[in-house]
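Quick notes on the structure that follows.
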There are 2 protein chains.
Amino acid sequence: MENTLQQQGRAAREASRVLATAGTEKKNAALEAIASVLTDRQEEWLRANEQDLEAAERAGMRPALIDRLRLTPERIAGIVEGIRQIIVLPDPIGRVDKMETRPNGLIIGRRRVPLGVIAIIFEARPNVTVDAAALCLKSGNVCILRGGREAIHSNRCAAKLMREALAQAGLPGDCISLVQDTRRETANELMHLDEYVDVLIPRGGAGLIRTVAKEASVPVIRTGEGICHIYVDNEADMDMAARILYNAKCSRPSVCNAAECVLVHREAAEGFWEKALPLLDGREVELRADKPGMEILGARALPASEEDWDTEYGDYILAVRTVENLEEAIEFINAHGTGHSECIVTADYFKAQRFLDAVDAAAVYVNASTRFTDGGEFGLGAEIGISTQKMHARGPMGLEELTSYKYVIYGEGQLR
Amino acid sequence: MENTLQQQGRAAREASRVLATAGTEKKNAALEAIASVLTDRQEEWLRANEQDLEAAERAGMRPALIDRLRLTPERIAGIVEGIRQIIVLPDPIGRVDKMETRPNGLIIGRRRVPLGVIAIIFEARPNVTVDAAALCLKSGNVCILRGGREAIHSNRCAAKLMREALAQAGLPGDCISLVQDTRRETANELMHLDEYVDVLIPRGGAGLIRTVAKEASVPVIRTGEGICHIYVDNEADMDMAARILYNAKCSRPSVCNAAECVLVHREAAEGFWEKALPLLDGREVELRADKPGMEILGARALPASEEDWDTEYGDYILAVRTVENLEEAIEFINAHGTGHSECIVTADYFKAQRFLDAVDAAAVYVNASTRFTDGGEFGLGAEIGISTQKMHARGPMGLEELTSYKYVIYGEGQLR
């Protein structure tokens with residue numbers, strides 16, 4: 001006997017057969033319908049959100065988290081605006097990357113196709129429900145959404161409205177579905193729904209992502225783990241280095257492309273801190289330094305522990321490490337980074353090139369803030385997350401990164 | 001305390017830092033050195049193989065399997081020739097697919113890099129050891145090879161010789177390593193060596209591949225499961241259909257791109273079998289047919305069971321299924337295929353296009369044998385296997401499919 005989630009999986013697989021061959025016009029019409037219904041019936045969505053907010057308050061949730069959970073007419077307008085941006089993006093599906101006629105006359109082309117069914121496990125942000133669904137829909141993928149318990153009323157309402165819009169546009173409602181049961185067991189079951197799920201993308205904290213990567217038998221794309229470093233070389237422009245560090249650390253400390261650790265060339269330390277401290281002081285950034293760093297920073301810093309080198313603070317805290325040279329910086333980054341975004345600040349050409357070559361990360365910067373690692377900034381238009389793995393896609397994942405390909409072969413009776 | 005396999009993993013990771021930035025000339029020199037040492041010291045390799053053959057005979061291994069295990073001077077020459085073909089292929093590493101200057105002046109490029117450390121679990125074919133190692137080396141990937149117990153002496157010798165050649169060429173010997181212990185436990189451990197292994201590629205029978213896909217926490221690329229279909233439409237050239245089926249079934253039944261099942265349009269059945277039977281009779285192909293098929297084939301066929309629709313025979317056996325129309329054929333293929341290679345034989349333009357669109361497989365053919373699904377035939381030069389999954393790479397995997405990419409960003413102090 002199939003259980004509820006298996007039924008949902010099977011329905012998703014069936015819907016994916018239809019969606020995979022739906023044209024761009026039809027998919028855009030469905031996205032338009034979603035944008036309209038979320039606008040026209042936002043009262044319904046806001047009321048559902050109110051239920052989640054009340055429950056969160058009763059449960060004593062922290063105000064910052066309650067704020068993340070909250071929908072407002074402005075936030076809904078922002079979400080709807082996001083859908084409209086996806087509508088105007090080019091559809092990657094059906095594009096033929098390569099096509100050639102082989103010596104035996106076979107015409108072989110590589111055509112972009114959807115991945116199929118994408119499951120997304122995420123935490124308590126109701127906007128993710130719509131963002132993720134819209135990106136999947138445009139790229140021809142059916143999605144199974146599994147949000148956190150805290151946002152269940154908001155998510156149920158959003159999913160219901162989106163499914164109505166799909167039906168209006170002549171697509172199966174099952175192109176978007178929500179796991180209704182938010183117990184831990186259903187997340188676990190989803191991770192093993194190999195028969196129906198092609199890819200699983202966890203979106204949330206490091207704990208969630210590690211658990212999913214470890215447990216799932218469905219293929220996983222790891223996203224959003226960011227322990228990013230800024231390496232300040234002795235040949236850096238110290239003003240530039242200070243501004244880059246300040247931007248990378250403080251412009252939005254909670255996001256994954258924020259810097260968590262600065263590596264300072266021993267010879268650069270004094271000149272660099274002279275420029276950097278006044279900026280960091282303005283945000284009361286807590287510094288956790290190694291021994292040579294403490295010698296310069298004195299009472300301004302706390303001594304770092306081994307744990308600090310492997311921590312994503314997501315806060316106004318910065319680890320400080322002293323290195324003797326570029327190679328030590330590279331080695332440290334490759335040992336302690338999460339493969340997200342890494343930066344060197346230097347005026348030396350050869351050091352810049354060496355850093356780009358040797359650092360193993362999704363995005364490697366010379367003289368720019370790591371905060372640019374983002375689908376919009378990279379010109380992808382939108383993103384479903386930032387992959388820190390090497391298989392399939394790396395860095396910001398836009399529409400094309402949600403596709404696969406198939407070889408199509410036109411013959412005239414060729415035999416081998 | 002690290003155990004042996006963890007030490008091997010760590011050494012592989014360290015070697016990968018060197019190999020990832022080694023230039024094409026150096027990698028080609030190492031491949032040349034491997035080709036030379038395997039030629040010059042083939043006596044050693046043949047003697048080691050003799051030990052495996054003797055053990056296999058003592059253990060009562062089937063002659064066909066013993067033959068697969070056997071090395072001969074001719075086979076070694078073939079393996080060495082394979083290495084030379086890889087030397088002349090273009091190196092994908094370092095190629096920049098896309099590069100653009102963003103409005104803020106950032107220059108952002110996407111540069112091909114190796115996946116890192118690739119583990120390959122395979123069964124008793126000593127040629128795989130060298131083939132796989134050579135493809136990994138050219139694409140800048142370190143490999144950890146874990147072959148079957150039956151070929152352990154041959155594999156140890158090949159690995160030893162290749163590691164000597166690497167050292168001669170100035171690359172770390174650990175770019176290629178063999179798991180020395182062939183107990184089941186080490187394969188299992190390798191599947192969970194997340195810290196050091198980026199990708200795991202199982203090469204072998206369906207049982208091995210399913211186990212690895214199910215058990216591994218390391219990302220896996222599934223390859224080589226092939227239940228391939230030929231759909232004979234009522235508007236097919238029946239001569240062509242018969243020749244394609246015969247080629248797809250009989251030219252090499254043991255390989256993954258061989259056909260296992262023919263779907264025959266009800267109206268095509270009589271005309272098709274009239275042409276096909278004489279060909280299939282020549283190889284005494286066993287037919288296992290559904291009820292309508294039995295009515296036409298009579299004593300020439302056995303009745304098929306449900307199991308037949310999901311079996312990769314790898315032998316002179318063919319499942320026969322009757323369908324009412326194209327849509328039924330597509331549905332059947334999407335339900336029972338393994339996503340490998342599928343073919344329609346038809347003269348109808350719209351049916352051909354519909355089949356290409358709707359069939360979900362790595363390679364979809366119109367009027368040509370499925371046997372063409374192969375890296376060489378597709379123009380990739382060589383292949384490490386044929387992926388039947390959608391993530392990362394699909395179909396024949398050549399050098400480029402063994403790569404990832406990183407974004408390299410050139411800035412002048414940009415902040416976000």
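The values are calculated or read from the model by the stated rules, or taken from the named source; none is laboratory data. Predicted, not measured: the structure shown is a model, and the values here were computed from it. Here the Cβ is made from the backbone with ideal geometry for all residues, glycine too, and neighbour counts use every protein chain on show. When the accessible area is computed, the model is the full protein with side chains, heavy atoms only, and any ligands, DNA or RNA have been set aside. Shrake-Rupley method; radii C 1.70, N 1.55, O 1.52, S 1.80 Å.
By how many degrees, between 0 and 90 and to the nearest 10, does the Cα long axis of helix A:42-58 differ from the longest principal axis of chain A? Taking Cα atoms only, the helix is inclined about 50 degrees. A P(r) calculated from all alpha carbon pairs of region B:1-78, with 10 Å bins opening at zero, reads 15, 26, 29, 26, 4 percent. 3J(HN,Hα) couplings calculated from phi for region B:364-380 with the Karplus curve 6.51 cos²θ - 1.76 cosθ + 1.60 (θ = phi - 60°) are, in sequence order, 10, 10, 10, 6, 7, 5, 5, 5, 6, 5, 6, x, x, 5, 8, x, 8 Hz; Gly and Pro show x. For region A:11-164, the antiparallel share of DSSP beta bridges with both residues in that region comes to about 50%. Under the combined filter of DSSP loop state and at most 16 neighbouring Cβ atoms within 10 Å, region A:179-272 retains these trypsin sites (Lys or Arg not before Pro): A:R183. DSSP beta bridges confined to the protein assembly as shown are antiparallel in about 30 percent of cases.
Both numbers refer to the Cα atoms of region A:77-196; Rg and Dmax are 17.5, 60 Å. Scanning chain B for the beta carbon that comes closest to the axis linking it by rotation to A yields B:H392, 2, distance in whole angstrom. Normalised by 2.2 N^0.38 Å, with N the number of residues, the alpha-carbon radius of gyration of the protein assembly as shown equals 1.01. Relative to the Cα centre, the charge distribution of the protein assembly as shown, modelled as +1 at Lys and Arg Cβ and -1 at Asp and Glu Cβ, gives a dipole magnitude of about 340 debye. Rounded to the nearest 5, the antiparallel percentage of DSSP beta bridges internal to chain A is 30%.
Ignoring lysines fewer than eight residues from B:K214 along the same chain, the ones with Cα atoms less than 16 angstrom from its Cα are A:K214. Across every pair of non-identical alpha carbons in region B:134-292, the mean reciprocal distance, once inverted, gives a Kirkwood radius of 19.3 Å. Computed from the alpha carbon atoms alone, the convex hull of region A:258-416 holds 171 Å³ per residue.
If only the Cβ of Lys and Arg carry +1 and only the Cβ of Asp and Glu carry -1, the dipole of chain B around its Cα centre is close to 1660 debye. From the Cα gyration tensor of region A:355-414, with a ≥ b ≥ c the square roots of its eigenvalues, which class applies: rounded if a/c is under 1.5, or else prolate if a/b is larger than b/c, or else oblate? It is prolate, given that a/c is not under 1.5 and a/b is the larger ratio.
Normalized C-alpha radius of gyration of chain A, against 2.2 N^0.38 Å? It is 1.10. Counting, for every residue in A:103-114, the Cβ atoms of other protein chains within 10 Å of its Cβ and taking the mean gives 3. Residues within the reach of a label modelled at B:D315 (point 7 angstrom out along Cα to beta-carbon, backbone nitrogen below 17 Å), restricted to region B:250-266, are B:250-256, B:258-261.
Treating each Cα of region A:164-216 as an identical point scatterer and summing with the Debye formula, the log10 of I(q)/I(0) at q = 0.18, 0.23 Å⁻¹ comes to -0.72, -0.95. By a 1.4 Å probe calculation restricted to protein chains, A:E274 has an accessible surface near 140 Å², given to the nearest 10. Between identical copies, the spacing of B:T101 label points, each set 7 Å from Cα toward the C-beta atom, reads 4.0 nm from nearest to farthest.
Each part gets one Cα centre, and for region B:144-166 versus region A:389-406 those centres are 34 Å apart.
Counting pairs of Cα atoms in region A:1-156, how many percent are more than 26 Å apart? Every Cα pair in region A:1-156 considered, those over 26 Å come to 40 percent. For B:G314, the label point sits 7 Å beyond Cα toward Cβ; its separations from the matching points on the remaining copies run 4.7 nm, from shortest to longest. For A:K26, the point set 7 Å out from Cα toward Cβ sits 5.3 nm from its twins in the other copies, listed from shortest up. For region A:310-400, the fraction of C-alpha pairs farther apart than 20 angstrom is 40 percent. Within the straight-line cut-off of under 13 Å between alpha carbons, the aspartates and glutamates reachable from B:K26 are B:D91, sequence neighbours fewer than 8 places apart in one chain being disregarded. With semi-axes defined as the square roots of five times the eigenvalues of the C-alpha gyration tensor, the equivalent ellipsoid of region A:226-303 measures 18, 15, 12 Å, largest first. Based on every Cα atom in region A:262-321, Rg and the maximum pairwise Cα distance Dmax equal 10.8, 29 Å.
Cα extents for region B:340-380 along the principal axes, largest to smallest and rounded to whole angstrom: 30, 19, 13. The spread of Cα positions in region A:145-184, taken along each principal axis and listed from longest to shortest, comes to 33, 15, 9 Å. Per residue of the protein assembly as shown, the DSSP helices (runs of n ≥ 4 H) give a summed -39500 (n - 2.57) that works out to -13500 deg cm²/dmol at 222 nm. Shown are B:S36, B:S387, whose ranking by accessible area with a 1.4 Å probe and every protein chain present, most to least, is B:S36, B:S387. Here B:K275 is the anchor, and the lysines within straight C-alpha reach of less than 17 Å, apart from those fewer than 8 places off in the same chain, are B:K249.
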